[in-house]
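A.B. asks: Got a structure for you, written out below as structure tokens; questions coming shortly.
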Amino acid sequence: MNVFNIVIAGVGGQGVLMASKVLAESALKSGMDVKQNEVHGMAQRGGSVISFVRIGDKVSSPVVMPGTADILISFEPLEALRYLHYLKPGGKVVYSRVTINPSTVASGLALYPADVEAQIKAKCSNSHAIEALSIAHEAGNAKAVNMVMVGSVMKSLPLESGVIEGVVAELSQGKGVDVNLKALRGGAAAA
Amino acid sequence: MKKIISGNEAIALSFGDSGGVFASGYPGTPSTETLEEVARLGEVYCEWAPNEKVALESAIGASIAGGRSLSTMKHVGVNVAADALMTLTYTGVNAGLILMVADDPGMHSSQNEQDSRNYAKFAKVPMLDPADSQEAYDFVRAGFEISEQFDTPVMLRTTTRISHAKGVVEQTAKIQPKVGEWVRNVPKYVMLPNFGKIKHVEVEARLLKLQEFAESSPLNRVEMGDKALGIITSGVSYQHVKEAYPNASVLKLGLVHPLPMNKIREFAGSVKRLMIVEEMDAIFEEQIRAAGVRVDIGKDRISLCGEVSADIVRAAAGDAVAKSAAPVEGLPQRPPTFCPGCAHRGLFSILSKLKAFVSGDIGCYTLGALPPMSAMHSTICMGASISAAHGMAKVNEIAGRTEKPVAVIGDSTFFHSGITGLLSMAYNKSNALVIIMDNRTTGMTGGQENPGSGRVLQGEPAGQVNIKDLVKVLGVEHVVEINTYDLAATEAAIKKGLETPGPYVLIDKNPCILRYRVKKPTIAVNQDTCTGCRACLKAACVALGLTASGDKPKVRIDPNICNGCGVCSQLCKFDAMSEA
């Protein structure tokens with residue numbers, strides 16, 4: 001199999017790393033080669049975060065080049081728009097509809113564009129919006145948005161849903177197992 | 001068993017598997033997780049040192065005492081440790097010693113872009129440059145072997161895309177750690193000039209032997225493919241090369257200093273076009289050209305700045321890259337910012353209001369330089385806030401200017417290299433104000449312990465430095481504690497500090513809300529009394545936002561994000577904000 005490129009975008013603190021880890025571990029369990037890379041450091045302080053997961057028979061670079069991503073998963077609409085150019089022609093974007101103000105907007109230096117979703121739709125014919133926060137709430141924890149988003153793309157990945165569920169259960173603790181699995185399945189049902 | 005781990009985790013794992021005994025470092029992105037992982041694995045002694053010089057010197061002592069040792073730091077940390085490194089290369093080692101340095105091309109979280117391969121040349125020590133997590137794991141083992149075989153420290157260099165990228169790793173058989181003899185050898189370890197002269201000759205001879213080793217070592221391998229294009233590369237650049245040209249001939253260097261020049265010459269002669277792909281400086285290219293080897297593509301086509309990518313490699317060789325839509329322009333930036341509830345927010349609100357000249361330092365508080373605070377006017381390196389403010393104060397004095405500079409520094413940075421600057425301030429009678437933001441953690445790198453946090457790396461209790469007492473002992477007469485959540489009191493304290501002649505130190509002791517999980521009752525906006533004046537937005541807090549409707553939008557606070565620090569409500573002139 002050729003390399004399948006996944007880009008995950010979001011805001012520092014949203015659990016992009018955990019979502020990336022779930023996909024990377026699932027690929028390893030499926031006998032694939034995998035490289036996962038996201039840049040952290042300053043990003044933790046509410047900055048924009050982008051993570052790459054590359055899976056396939058043999059993966060060299062840990063970096064996804066613009067124009068080559070099979071799928072873009074974004075935990076925030078503005079971040080989906082920001083990284084939309086990573087998608088290859090015909091690539092798919094799935095994003096959570098809940099907006100988070102960047103500090104530039106919160107301090108009145110910039111406006112959050114009102115037409116973000118329309119812009120995404122205009123630029124990508126394969127775009128899907130997910131009510132990730134309400135699904136996460138239903139699952140029992142607003143912080144499970146990341147698992148909702150993983151669930152929402154599960155059927156588009158070259159990975160078995162059962163393997164992903166197994167990894168989520170393995171990586172979660174205590175009550176989190178139930179919440180995260182519910183969030184994952186809720187995301188899958190909404191897709 | 002196969003695992004997916006980062007380069008940093010791989011180095012930590014291999015350190016434990018390769019007979020490691022002692023590890024010491026200072027946090028710095030992208031190196032930090034290495035020692036944290038050594039601690040998590042729990043098999044080998046490890047510690048945070050107050051700075052990189054202390055870390056490396058401690059590793060030297062551990063080596064002399066017979067234990068394989070590791071010192072970890074980011075690229076700029078080597079500048080601090082360089083004094084030790086430049087003589088360590090003369091003494092050599094007893095047990096193996098690895099200095100792990102993590103470079104940050106592209107400056108994801110650094111103040112400069114520094115190619116540590118220069119240090120390997122400068123110090124005349126071997127350097128290993130792994131290309132993925134598996135090599136990061138393997139090169140620790142190889143590094144200790146080279147260190148002991150050639151009696152030399154070994155530098156293990158990563159970059160952000162090696163340290164933080166995760167890949168599949170398989171462990172090799174564990175070597176049980178054994179501590180060797182605590183060696184006494186005066187001519188080897190006492191670098192008086194007469195002994196140093198002998199050692200320098202040995203260093204040069206060692207380098208020649210290492211060069212011979214590099215020629216035949218499997219660390220440097222040729223992957224012969226299509227001979228139309230031959231590429232010499234190392235580290236993560238190798239991965240970009242494989243991505244760009246899976247079938248090209250490649251000479252992959254694992255040992256990047258000293259270079260295997262015969263192997264390079266032979267490789268160059270076997271390919272039609274020779275390309276050198278290296279991030280940052282032209283270290284390979286300069287040496288290869290100096291050896292009289294023809295280079296067809298190098299730094300003339302690949303920038304000295306930033307990271308390399310598969311697209312950059314292809315473009316440099318004159319080939320097409322995958323077409324992508326242009327990034328959407330004009331979107332609001334999402335830079336990192338102070339966390340909701342952070343104690344730095346109150347301080348910078350006041351410094352911004354007072355328009356003071358702020359001499360900054362390395363830490364979360366450097367974000368105070370960004371708009372709308374825009375309250376930092378210089379940031380050079382760890383500790384420079386205080387020493388630079390001192391220089392400013394002296395010139396101000398000479399020029400007859402009465403304005404006092406304000407140095408802002410955090411606790412960990414103060415311990416790292418702020419103490420000596422303050423000593424100079426007290427000793428040389430500086431007319432400056434120093435504000436120490438003592439949040440009891442090394443915040444920017446993710447909340448590591450330090451000599452003031454009361455815990456060691458593993459989390460066990462430790463002594464806690466009392467910064468106020470320490471400042472007094474250094475000779476500063478005026479030391480006052482402040483609470484930056486109280487804006488009026490903070491403003492008054494800063495004004496007093498600016499008006500009082502001589503060195504003046506303010507200390508804020510509010511803990512890092514992220515590290516200590518501080519959660520306060522949230523603030524809400526009374527929509528009837530809010531006038532939409534936006535004064536509160538100067539707090540630059542992501543919990544704040546404007547309501548979408550109306551010709552004069554009002555402010556609302558997202559209760560999921562607000563951490564109740566109350567800075568915005570103190571900036572409000574209409575009493576429209578209160579606890580929810």
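The values are calculated or read from the model by the stated rules, or taken from the named source; none is laboratory data. Because the structure is a prediction, the values reported are computed rather than measured. Because the Cβ atoms are built from the backbone with ideal geometry, glycine has one as well, and the counts that use them run over all protein chains shown. Note: areas computed on protein heavy atoms with side chains; ligands, DNA, RNA excluded. Shrake-Rupley method; radii C 1.70, N 1.55, O 1.52, S 1.80 Å.
A.B. asks: So which residues in segment B:177-201 are part of a helix (DSSP H, G or I), in contact (Cβ under 8 Å) with a residue 40 or more places away in the chain and open to solvent by 60 Å² or more (accessible area, probe 1.4 Å), if there are any at all?
C.D. replies: Scanning segment B:177-201 gives a single hit, B:200.
A.B. asks: Write out, first by first residue and then by second, each pair whose Cβ atoms fall under 8 Å of each other, whose residues are 6+ apart or on separate chains, and whose first residue, in segment B:384-400, is closer than 20 Å to residue B:79 by Cβ while the second is surrounded by fewer than 18 Cβ atoms within 10 Å (Cβ to Cβ) and hydrophobic (A, V, I, L, M, F, W, C).
C.D. replies: Qualifying pairs under 8 Å: B:388/B:380.
A.B. asks: I'd like to check something: does segment A:97-104 contain any residue that is at the interface with chain B (Cβ under 7 Å from one of its Cβ atoms), more than 24 Å from residue B:337 (Cβ to Cβ), crowded, with 22+ Cβ neighbours inside 10 Å and not aliphatic (A, V, I, L, M)?
C.D. replies: no
A.B. asks: Kindly list the number of the only condition in (1) without any contact (Cβ under 8 Å) to a residue 40 or more places away in the chain; (2) open to solvent by less than 10 Å² (accessible area, probe 1.4 Å) that fails for residue A:65.
C.D. replies: (2)
A.B. asks: Any chance segment B:318-340 includes a residue that's within 11 Å of chain A (Cβ to nearest Cβ), in contact (Cβ under 8 Å) with a residue 12 or more places away in the chain and under 30 Å from residue A:70 (Cα atoms)?
C.D. replies: Yes: segment B:318-340 contains one or more residues that are within 11 Å of chain A (Cβ to nearest Cβ), in contact (Cβ under 8 Å) with a residue 12 or more places away in the chain and under 30 Å from residue A:70 (Cα atoms).
A.B. asks: Here's another thing I want to ask about it. Given the conditions (1) on the phi > 0 side of the Ramachandran plot; (2) within 14 Å of another protein chain (Cβ to nearest Cβ), report the number of the one that residue B:292 does not fulfil.
C.D. replies: Unmet for residue B:292, out of (1) on the phi > 0 side of the Ramachandran plot; (2) within 14 Å of another protein chain (Cβ to nearest Cβ): (2).
A.B. asks: Can you tell me how many residues within segment B:526-545 are farther than 25 Å from residue B:351 by Cα and either crowded, with 17+ Cβ neighbours inside 10 Å or aliphatic (A, V, I, L, M) (or both)?
C.D. replies: Total satisfying the criteria: 1.
A.B. asks: Scan segment B:221-244 residue by residue and report those that are touching a residue at least 40 places away in the same chain (Cβ under 8 Å) and open to solvent by 30 Å² or more (accessible area, probe 1.4 Å).
C.D. replies: B:222, B:224, B:227, B:228, B:243, listed by residue number.
A.B. asks: Looking only at residues that are of a type outside the set (Val, Ile, Thr) and in contact with an Asp or Glu (Cβ under 9 Å, 6 or more places away or on another chain) in segment B:533-544, which one is farthest from the other protein chains (Cβ to nearest Cβ)?
C.D. replies: Ranking the qualifying residues of segment B:533-544, first place goes to B:543.
A.B. asks: Hey, could you check segment B:546-572 for residues that are part of a helix (DSSP H, G or I) and crowded, with 22+ Cβ neighbours inside 10 Å and say which is farthest from the other protein chains (Cβ to nearest Cβ)?
C.D. replies: B:567
A.B. asks: Got a sec? Which of B:151, B:132 is open to solvent by 10 Å² or more (accessible area, probe 1.4 Å), of a type in the set (D, E, K, R) and closer than 28 Å to residue A:38 by Cα?
C.D. replies: The conditions single out B:132.
A.B. asks: Residue by residue through segment B:1-56, note down the ones that are away from chain A (no Cβ under 14 Å), assigned to a loop (DSSP other than H, G, I, E, B) and either within 29 Å of residue A:24 (Cα to Cα) or open to solvent by less than 40 Å² (accessible area, probe 1.4 Å) (or both).
C.D. replies: Answer for segment B:1-56, where residues must be away from chain A (no Cβ under 14 Å), assigned to a loop (DSSP other than H, G, I, E, B) and either within 29 Å of residue A:24 (Cα to Cα) or open to solvent by less than 40 Å² (accessible area, probe 1.4 Å) (or both): B:19, B:26, B:42, B:43, B:44, B:49, B:51.
A.B. asks: Further, regarding this structure: Looking at this structure, is residue B:463 within 20 Å of residue B:511 (Cβ to Cβ) and surrounded by 24 or more Cβ atoms within 10 Å (Cβ to Cβ)?
C.D. replies: The answer is no for residue B:463.
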